[in-house]
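Step one of this worksheet: look at the structure below.
The values are calculated or read from the model by the stated rules, or taken from the named source; none is laboratory data. This one's a predicted model, so the numbers in the text were calculated from it and none came from an experiment. As a convention, Cβ positions derive from the backbone with ideal geometry for all residues, glycine included, and neighbour counts pool all protein chains shown.
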Amino acid sequence: MWKRIGTLKMRIELHNLKPKYMSESEVAGSDIYLQPSVVFEQGRSYLVRARSGHGKTSLLNFIYGISGQYDGEVVLTENGERRTENGEWRTENATHPALTGTTLREGMANARTENELRTRVLSFMFQDLGLFPQLTAMENVQLKNRLTGFKSDAEIEAMLDVLLPEGKKHQPVATLSLGQRQRVAAVRALCQPFKFILMDEPFSHIDIENARCVADMVMGEVGRQGAGLIVTALDAIDYFPFDVTYNL
């Protein structure tokens with residue numbers, strides 16, 4: 001069972017990570033791939049930038065646990081003294097079965113762990129959005145919120161009212177523009193508790209004014225939860241106050 005004890009901080013550690021379908025020459029010079037240790041810390045904001053087709057989506061999929069097509073390790077830990085045993089990463093005082101310092105592949109083998117990880121620990125705004133086109137914007141967000149019970153319907157409506165033109169929240173997603181769909185996906189990603197939120201090219205079809213509105217809403221929730229933020233983009237973006245920028 002998921003427990004919160006005090007204010008434990010989460011870390012995402014990557015060790016010698018490389019997509020199986022990319023050669024060493026393709027990732028040469030990367031700040032992340034094939035590096036001995038890269039650490040993302042809860043409470044900090046990170047930008048990961050790279051040209052198209054260079055592994056940005058893959059990186060977030062590896063962290064989120066929906067792709068295992070990589071060499072190396074993805075390790076999730078919470079506040080413990082890390083040590084090595086038999087060459088494997090370990091941690092003390094972890095409070096979640098997926099955060100024992102074992103590799104993410106090992107932690108995700110447990111169905112309960114997988115569900116709790118994706119509804120309590122990591123939130124993800126997918127590049128392909130993953131919305132149901134026949135459902136309205138409101139229904140898409142409510143569907144996610146039924147799993148988490150994190151926001152009230154009034155809160156969801158208020159968030160959508162900020163980001164969508166009047167009346168659009170009750171229209172089927174199939175009738176919305178791509179930029180409007182991205183804004184719906186952003187609201188959906190905020191409807192859960194999380195220690196990290198992952199956002200894959202979240203502003204690719206959003207104008208500057210609306211992008212700033214989305215970023216403000218995201219940073220407000222990140223601040224309230226004391227969470228970390230990892231954003232991918234093709235180039236530098238200034239909508240978020242990033243602490244670290246990695247070139248992938």
Matching residues, the range 152-172, being under 21 Å from Arg120 (Cβ atoms) and surrounded by 20 or more Cβ atoms within 10 Å (Cβ to Cβ): Ile156, Met159
Residue selected from the range 165-220 under the condition β-branched (Val, Ile, Thr) and outside any helix (DSSP H, G or I), by the criterion farthest from Thr148 (Cα to Cα): Ile206
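Within the range 215-226, is there a residue that is touching a Pro at 6+ places or on another chain (Cβ under 9 Å), of a type outside the set (A, V, I, L, M, F, W, C) and either under 20 Å from Arg120 (Cβ atoms) or at pLDDT 95 or above (or both)? Please lay out each step first, then the result.
Here is the first cut: in the range 215-226, the residues touching a Pro at 6+ places or on another chain (Cβ under 9 Å) are 215, 218-219, 225.
Filter once more, keeping what is of a type outside the set (A, V, I, L, M, F, W, C): 225.
When the remaining residues are screened for being either under 20 Å from Arg120 (Cβ atoms) or at pLDDT 95 or above (or both), the result is 225.
Checked the range 215-226: at least one residue is touching a Pro at 6+ places or on another chain (Cβ under 9 Å), of a type outside the set (A, V, I, L, M, F, W, C) and either under 20 Å from Arg120 (Cβ atoms) or at pLDDT 95 or above (or both).
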Test: residue in the range 136-143 that is in a strand (DSSP E or B) and more than 27 Å from Met10 (Cα to Cα): yes
In the range 40-66, the residues that are closer than 17 Å to Gly29 by Cβ, touching a helix residue (DSSP H, G or I) at 6+ places or on another chain (Cβ under 8 Å) and in a loop (DSSP other than H, G, I, E, B): Ala50
Unmet criterion (only one of (1) of a type outside the set (Phe, Trp, Tyr); (2) at pLDDT 95 or above; (3) out of contact with any Asp or Glu (no Cβ under 7 Å at 6 or more places or on another chain)) for Leu190: (3)
Every pair of residues 6+ apart whose Cβ atoms lie under 8 Å, when the first sits in the range 228-248 and is free of Cβ contacts under 8 Å to residues at least 40 places away in the same chain while the second is of a type in the set (Gly, Ala, Ser) and surrounded by 18 or more Cβ atoms within 10 Å (Cβ to Cβ): Tyr239/Ala211; Tyr239/Ala215
